[in-house]
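Novice: One structure coming up, written as structure tokens, with questions to follow.
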Amino acid sequence: MQNKAAMISTVIEKPMLETLKGRITPRVPLWLMRQAGRYLPEYRALRAEAGSFLNLCYNPSMAAEITLQPLRRYDFDAAILFSDILVIPHALGQSLAFVEGEGPQLPPLEKLSDIDRLDIAGFESRLAPVYQTIDILKRELPADKTLIGFAGAPWTVACYMLHGRGGGSFARAKEMALADSKGFQEFLLKLSDVTARYLISQIRHGADTVQLFDSWAGLVPDACFEDWVIAPTKRIIDQVRAAAPDVPVIGFPRQAGAHYAAYAAETGIAALGLDPQADIASMPRHVCLQGNLDPEKLLAGGDTMRRAVLDILAAAEGRPFVFNLGHGVIKETPPEHVAELVGIVRSWQRAT
């Protein structure tokens with residue numbers, strides 16, 4: 001049997017990508033959800049210049065610049081494409097606006113079958129600016145950095161399409177899903193297929209890995225988790241794997257709780273993103289883990305953050321692990337706290 005030292009990979013061209021493929025690299029790779037965002041003054045300056053959030057998402061030069069901004073400040077191992085999970089319904093023809101102080105707003109679909117009236121044929125062409133952003137990033141990103149593409153998972157995107165906005169418990173979306181189980185499965189199937197197409201196109205343009213954000217997985221009733229979260233995710237990953245078998249997929253079913261193990265076992269993900277409430281020690285060993293510092297502790301900084309970071313690193317010792325937050329960077333987070341976090345992770349010495 002190989003000892004731990006022999007298991008540690010010496011191939012470190014892209015440390016995060018190596019880790020996602022199940023290898024233990026000499027250092028713990030690190031990136032943060034929402035690492036490019038409102039806590040950075042350079043982001044706020046460009047956001048003001050763009051005039052709207054969607055303008056940023058669909059302007060390839062601006063989106064690429066925002067993607068690269070945190071890598072100029074911090075020693076992250078990856079850049080994540082600057083975009084939004086709601087470009088999928090927008091590309092399908094559903095109106096979308098980001099209202100200051102209120103978040104995204106869409107005209108909610110009146111019935112589940114309305115998804116058939118959306119323009120799937122024009123979907124890819126409307127997303128061309130996103131692919132152009134990836135083209136730029138592939139040219140400009142340092143060779144040792146992993147480029148992450150992403151999409152929203154079908155359940156989470158469906159919540160917005162049916163409810164019309166974020167926040168709360170998405171009661172209307174759940175009511176529609178429970179009232180017509182077969183119709184909702186068809187709805188999720190269609191979303192799964194366009195999401196797979198979107199991710200495959202990102203990969204073809206240069207994404208090294210992709211992440212599925214199921215931000216509202218924790219709102220799914222236990223009896224529905226298999227049908228609303230696991231099955232659509234597996235359908236997407238099966239299609240991505242068929243098109244790009246060497247590209248790992250990260251799944252982030254936030255607040256999945258007791259369903260994390262089944263999600264990891266059944267979907268085919270390469271890495272499991274964890275929220276702050278998840279217990280690393282209890283997670284299955286067959287997948288890489290990613291997470292799971294509480295963003296509030298990054299906001300607090302100091303000893304509170306340091307102790308939490310060291311506890312996470314110790315809990316993940318001896319297994320493939322990517323350090324991240326359990327959700328996105330809070331906009332009020334001081335940039336120097338992020339620098340301190342990077343320093344702590346970089347100074348961590350793996351056991352040999």
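The values are calculated or read from the model by the stated rules, or taken from the named source; none is laboratory data. These numbers come from a predicted model, not from an experiment. With ideal geometry, Cβ positions are generated from the backbone for all residues, glycine too; neighbour counts draw on all protein chains shown. Just so you know, the surface numbers come from the protein's heavy atoms only, side chains and all, with ligands and any DNA or RNA stripped out. Shrake-Rupley method; radii C 1.70, N 1.55, O 1.52, S 1.80 Å.
Novice: Of Lys14/Lys297; Lys174/Lys331; Lys21/Lys138; Lys190/Lys331, which sit over 23 Å apart, Cα to Cα?
Specialist: Correct reply: Lys14/Lys297; Lys174/Lys331; Lys190/Lys331.
Novice: Could I ask something else about it? Can you give me the long-range amide H partners of Thr333? Hydrogens built in the peptide plane at 1.01 Å from N, cutoff under 5 Å, separation of 5 or more residues or another chain.
Specialist: Hits under the 5 Å cutoff: none.
Novice: Using a probe radius of 1.4 Å on heavy atoms only, what accessible surface per residue do you get for the chain? Whole Å² is fine.
Specialist: Result: 40 Å² per residue.
Novice: Can you give me the Cα centroid spacing of segment 260-327 and segment 55-85 in angstrom?
Specialist: Spelled out, the Cα-based centre of one part sits 23 Å from the other.
Novice: For Thr195, what accessible area in Å² do you get when you roll a 1.4 Å probe over the heavy atoms of the protein chains, rounding to the nearest 10?
Specialist: Only protein atoms counted, so the area is about 0 Å².
Novice: Grab the beta carbon distance between Ala262 and Glu336, set R0 = 35 Å, and tell me the FRET efficiency rounded to 0.05.
Specialist: Working: r = 40 Å, r/R0 = 1.14.
Plugging the Cβ-Cβ distance into 1/(1 + (r/R0)^6) gives 0.30.
Novice: What length, rounded to one decimal in nm, is gained on full extension from Thr304 through to Asp246, with 0.36 nm per residue of separation minus their alpha-carbon distance?
Specialist: In short, 17.0 nm is gained.
Novice: How large a share of the accessible area of the chain, in percent, is made up of carbon and sulfur atoms when the probe is 1.4 Å and the other protein chains stay in place?
Specialist: 52
Novice: Considering amide H positions built from the backbone, and no H for Pro or chain starts, which residues 5 or more places from Gly326, or on another chain, come under 5 Å of its amide H?
Specialist: HN-HN under 5 Å from Gly326: Leu293, Asp294.
Novice: When the chain is treated as a GNM, springs tying every alpha-carbon pair under 10 Å, which of Glu124, Glu296, Glu140 comes out with the largest mean-square fluctuation?
Specialist: Among Glu124, Glu296, Glu140, the largest GNM mean-square fluctuation belongs to Glu140.
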